[in-house]
Amino acid sequence: MIKPKTVYYCFPEGKHKALTMSYDDGCAEDRRLVEIFNKNGIRGTFNINAGLRDYPERPRVQLDEFAELYKGHEVASHTLTHPTIERCNLAQVATQVLEDRKLLEQAVGYAVRGMAYPNGSYTDEIKRLLGDVGIRYSRIVGSSDNFALPRDLYEWKATCHHNHRLAELCDEFLGLHKKQYLYLMYVWGHSFEFTTKDNWKVIEDFCEKAGGKEDIWYCTNIEYVDWQDTMKNLVFAADNSFVYNPSFQAAWLSVDGDIRKIDGGKTVWL
């Protein structure tokens, strides 16, 4: 009997670690945060309430800035006006998400498919609704304190808020070298918090330390989700001798330690 091949899923280019960020509300401080991300090659998702752009108490980025400011990142929904949606009927929730998507999509020119729950508020019924209104994932609040891949994309908990053990978890993440595992570090917060707490150095130091690493895939939330969907759609021969990739996006595999790229629409012998 021929020994079967050991085939592992990989992040793009065969990497085994990924880093993504998630920031809510679209406040004016996003301008500085995006600059920090871009300087260090960090990429992330900005969850925005399109209906709350005129907000004197906490200035916001305006819709006509979105396409340029958030280029290379992801704009996602945070509902239109940030209600506590577990107290709302499902028709109201659907309207909040769809109307937010419409305005955001007009601003950025692509389909908005991600979300963060406003006030961290959700129910099982809301989770089931989101797919029907075009949302592929949604982030909850809190910190997992680990680097595990999400099991439920509609109840996606980040590794940490930037004010929770960020430097410690960063060091732990950077030190992970066992390639038989996949690791995802996910940081969330609100950019205005850096102003109110006067701690911009926290995110500047993190991005400088975590950015530019050859073994890390820097992705937005939706790029991670699309990667996961692509990997799940792969069709393997019973003996792992070949694989068919029915997706448009390329997939990456480790085959007995060798990194293989599987282009979309192709069948490849392993």
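Numerical summary
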quantity	calculated
Packing-based ranking, highest mean first, of 68-74, 50-56 given that Cβ atoms within 10 Å are counted	68-74, 50-56
√(5λ) per eigenvalue of the Cα gyration tensor, the chain, largest first, Å	33, 23, 16
Acute angle (nearest 10 degrees) that the helix 90-108 long axis makes with the longest principal axis of the chain, alpha-carbon atoms	80 degrees
10 Å-binned pair-distance histogram of the stretch 95-156 (Cα, whole percent)	20, 51, 25, 5
Summed side-chain charge close to residue 198 - residues other than residue 198 whose Cβ falls under 14 Å, Lys, Arg +1, Asp, Glu -1	0
Using θ = phi - 60° and Karplus 6.51 cos²θ - 1.76 cosθ + 1.60, couplings along the stretch 61-72 (whole Hz; Gly, Pro as x)	5, 8, 4, 6, 8, 4, 4, 7, 4, 9, 4, x
5 angstrom amide H check on residue 46, placed H, neighbours 5+ away	23, 74, 75, 76
Surface per residue (accessible, 1.4 Å probe) for the stretch 149-270, Å²	51 Å²
Long-range amide H partners of residue 161 with built H, under 5 Å	188
Cα gyration tensor shape of the stretch 50-137, rounded if a/c is under 1.5, else prolate or oblate by comparing a/b with b/c	oblate
Packing rank of 25-35, 79-89, 165-175, where each peptide gets the mean count of other beta carbons within 10 Å, highest leading	25-35, 79-89, 165-175
The chain: calculated mean residue ellipticity at 222 nm from DSSP helix runs of at least 4, using -39500 (n - 2.57)	-8500 deg cm²/dmol
Cα long-axis angle, helix 200-210 against the chain (0 to 90 degrees, to the nearest 10)	10 degrees
Gyration tensor (alpha-carbon) shape descriptor, the stretch 1-75, a/c threshold 1.5	prolate
Antiparallel %, DSSP beta bridges [both residues in the chain], to 5	40 percent
Cα shape, the stretch 113-221, gyration tensor, a/c 1.5 rule	oblate
Protein accessible area in the chain, 1.4 Å probe - carbon and sulfur %	50 percent
About the Cα centre, charge dipole magnitude for the stretch 114-270 (Lys/Arg +1, Asp/Glu -1 at Cβ), debye	220 debye
Ellipsoid equivalent to the stretch 173-265 - semi-axes via the Cα gyration tensor, in Å	35, 16, 10
Angle in degrees between helix 30-40 and the longest Cα principal axis of the chain, rounded to the nearest 10	30 degrees
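The values are calculated or read from the model by the stated rules, or taken from the named source; none is laboratory data. Computed from a prediction, not measured in an experiment: that's the story for all the values here. All Cβ positions, even for glycine, are placed from backbone atoms using ideal geometry, and neighbour counts span all protein chains on display. Accessible surface areas use protein heavy atoms only, side chains included; no ligands, DNA or RNA. Shrake-Rupley method; radii C 1.70, N 1.55, O 1.52, S 1.80 Å.
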